[in-house]
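Read through the structure below, which is laid out as C-alpha cells, and then see the notes.
The values are calculated or read from the model by the stated rules, or taken from the named source; none is laboratory data. These numbers come from a predicted model, not from an experiment. A quick note on method: Cβ atoms are made from the backbone with ideal geometry, for glycine too, and the neighbour counts reach across all protein chains shown.
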Amino acid sequence: MDLIPALSGRHLDADAAKQLLVLQHEKIRVLLDKARGVAERALGGKKRAAARLPDAISRIRRTVEVHLQFEERALAVILEEDAVPSSRAQHAAWFLRDHERQREALTRLHGQAMAKSELPGLAAALAVLSAGLSNDMDEEERTLSIAPAVRATPTAPMAAVADPVETKTA
C-alpha cells in the first residue's frame, strides 16, 4: 500500500486532498511509533533491534519525503479555498519553510544512522524528531482546518504502513 494513491488523470479537489493528508499523517504516526519501539528495544540491549534502527530511520526519511512532495502539490488545491490571496501566500510560505526544516532534521538523523552513531544519541534524536513531526502534523491539520482522525493507540502492523520503497528488515 502506497502513501499516494494513483491520481494520474484525476482532478484532486480540496476535500479529497485533505482526506489523503490525514490518512498519510496517520500512517506516518504509526511508522514513527514503530521506530520508537525499535529504539526502545535497542536501548534495552536487544542487538537485533539495534541493527534495525538505521533501516527504521531510512524508512521514515523516505516515507516523509514522499509525503512532503505530495503535500506540497496538494497545498495548491487546498489553499485555493482561502478567500484572501495574501493568506494563501502566507500559508504556502509557512508550509514550505516547515517542510525545509523537516527535511533538514531528517537528513541529519539519517546521516547519524548511516554513520553508526552511538545508540543512546541516535535513539534520543529519533525521539526528538518523532515528537517534532507529530506536532508538525497536528499543526498542519489545525492550519488547514482538517478534522484529525480519531487517534487510538496505533496497532497497525509495519506492513500496513506505507513504505514508498519496498524493503525487508531483519
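Details
- Condition met for residue 75 (closer than 16 Å to residue 134 by Cβ, aliphatic (A, V, I, L, M) and part of a helix (DSSP H, G or I)): no
- Among (1) small (Gly, Ala, Ser); (2) within 13 Å of the chain's Cα centre (by Cα); (3) at pLDDT below 95 - the single one residue 50 does not satisfy: (2)
- Qualifying residue in the range 115-122 (condition: surrounded by 19 or more Cβ atoms within 10 Å (Cβ to Cβ) and within 15 Å of the chain's Cα centre (by Cα)): no
- Some residue of the range 5-12 being modelled with pLDDT under 90 and either charged (D, E, K, R) or under 15 Å from the mean Cα position of the chain (by Cα) (or both): yes
- Condition check for residue 96: without any contact (Cβ under 8 Å) to a residue 40 or more places away in the chain and either exposed (fewer than 14 other Cβ atoms within 10 Å of the Cβ) or of a type in the set (A, V, I, L, M, F, W, C) (or both): yes
- Residue match in the range 24-36 (condition: assigned to a helix (DSSP H, G or I), of a type in the set (A, V, I, L, M) and more than 21 Å from residue 133 (Cα to Cα)): no
- Filter pass, residue 127 being crowded, with 18+ Cβ neighbours inside 10 Å and not charged (D, E, K, R): no
- Screening residue 41 with (1) over 21 Å from residue 131 (Cβ atoms); (2) free of Cβ contacts under 8 Å to residues at least 12 places away in the same chain gives one miss only, at (1).
- Entry remark, the range 8-52: residues being within 20 Å of residue 66 (Cβ to Cβ) and of a type in the set (A, V, I, L, M) number 12 in total.
- Which numbered condition residue 38 fails, given (1) closer than 20 Å to residue 136 by Cβ; (2) crowded, with 19+ Cβ neighbours inside 10 Å; (3) of a type in the set (Val, Ile, Thr): (1)
So that you can scan it fast, the table gives a plain yes or no per residue for (1) more than 29 Å from residue 79 (Cα to Cα); (2) at pLDDT 90 or above:
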residue	(1), (2)
123	yes, yes
130	no, yes
153	yes, no
165	yes, no
